[in-house]
Amino acid sequence: MEIPEVEIRVPTRGNRRLASLLTAANADRRLHAWWYMQQVNADRRDMSDHSWVHIQIVVNIGLRLFRLLARAGVQPAMVSAHGMNPRDAEVVIAAACLVHDTGMSIHRSDHEQYSLFLAADRLPLLLDGIYEDPELTVVVSEALHAVIGHRRRGDPITIEAGIVRVADALDMASGRSRIPFETRRPNIHSVSAAAIDGVRIEPGEEKAVRIEIEMNNSSGLFQIDELLATKLRGSGIEEHVEVVAQIEAEHEKRLVPVFRL
């Protein structure tokens with residue numbers, strides 16, 4: 001069997017600890033195998049992409065959200081609770097995003113809890129040489145909180161965890177849907193994902209972050225209301241984020257010509 005070697009690319013902006021974490025992750029074949037198995041089990045359930053591509057997108061979205069929030073003066077737990085640096089918060093966010101779905105390699109149900117014990121074993125190795133205890137344990141603990149906090153009722157209690165939770169939901173554009181309509185039965189997840197043309201994350205005028213979502217069909221509202229809104233509520237960053245969705249086309253795109261039960 002062949003498990004591809006992959007490279008997660010992120011703008012590190014001079015954050016050496018973040019760069020070292022990414023170097024370790026990109027060289028870790030066990031982590032690559034977990035990402036591979038995440039997608040194997042997603043395919044078995046006719047689910048959207050949970051491969052390393054999803055990981056790449058979520059890490060980048062998470063860091064984008066954090067940097068916009070930090071620019072607006074929102075303080076992460078790594079600073080407010082531990083007296084560390086905003087760049088350490090970037091490491092926590094990236095680490096959590098890298099391993100947040102590893103439990104999918106075992107089972108979809110309760111995968112967030114399975115991700116915890118896999119990540120608890122692997123994160124200290126990925127962060128070896130980057131941090132020493134007690135800082136190492138603090139970073140790992142905060143990353144693990146963000147992992148469990150990304151579930152539907154995860155109750156995130158740090159800015160970092162809230163960011164990971166929302167970043168995961170923002171990977172919603174049409175490219176994430178790998179279920180071809182012509183070969184399998186379409187469902188609301190595949191149809192609504194196909195209705196999202198793009199997601200832009202920009203500085204807001206009244207709030208720190210403005211999320212603009214372009215749709216070609218109103219079925220995309222399922223992605224926004226059922227998935228994104230659920231993750232945004234209770235994230236701890238909702239007061240700093242505005243979401244604007246609109247259909248750009250004059251006429252809605254027909255996604256499913258006929259649907260039969």
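Read-outs throughout are calculated quantities, based only on the coordinates presented, and are distinct from any laboratory measurement. What you see is a predicted model, and the numbers here were worked out from it, not measured in a lab. Cβ atoms come from the backbone with ideal geometry, glycine included; neighbour counts cover every protein chain shown.
Computed quantities for the displayed model
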{"quantity": "Computed magnitude of the charge dipole of the range 1-71 (debye, nearest 20; Cβ of K, R +1, Cβ of D, E -1)", "calculated": "580"}
{"quantity": "Rel. contact order, % - alpha carbon contacts under 8 angstrom, at least six apart, the chain", "calculated": "17"}
{"quantity": "The range 1-96 - Rg (one decimal) and Dmax (whole number), Cα, Å", "calculated": "15.2, 48"}
{"quantity": "Value of relative contact order over the range 1-64, rounded to a whole percent, pairs C-alpha under 8 Å and six or more apart", "calculated": "36"}
{"quantity": "Highest-fluctuation residue, E132, E160, E212 considered, GNM on the chain with Cα pairs under 10 Å", "calculated": "E132"}
{"quantity": "Distant-in-sequence amide H partners of A245 (H built 1.01 Å from N, under 5 Å)", "calculated": "I213"}
{"quantity": "At 1.567 mPa s and 4 °C, Stokes D of the chain from Kirkwood alpha-carbon radius, µm² per second", "calculated": "69"}
{"quantity": "Cα-Cα P(r), the range 85-137, percent of pairs per 10 Å interval", "calculated": "24, 49, 23, 4"}
{"quantity": "Most mobile listed residue (D168, D43, D133) in the chain, GNM with C-alpha springs under 10 Å", "calculated": "D133"}
{"quantity": "37 °C / 0.692 mPa s Stokes-Einstein diffusion coefficient of the range 65-174, Kirkwood radius on C-alpha pairs, µm²/s", "calculated": "234"}
{"quantity": "Computed over the range 53-105, the ratio Rg/Rh where both radii use C-alpha atoms and Rh is Kirkwood", "calculated": "1.03"}
{"quantity": "Fully extended contour minus Cα-Cα distance, from V79 to E206, at 0.36 nm per residue", "calculated": "43.3 nm"}
{"quantity": "Low-density loop cleavage sites - trypsin sites (Lys or Arg not before Pro) in the range 70-112, where at most 12 other Cβ are within 10 Å (DSSP)", "calculated": "none"}
{"quantity": "Efficiency of FRET between F117 and Q246 - r from beta-carbon atoms, R0 45 angstrom, step 0.05", "calculated": "0.60"}
{"quantity": "Dipole in debye (nearest 20) - the chain, about Cα centre, beta carbon charges: Lys, Arg +1; Asp, Glu -1", "calculated": "420"}
{"quantity": "Positive dipole terminus of the range 1-57, leading residue within M47, A33, T12 (C-beta point charges)", "calculated": "T12"}
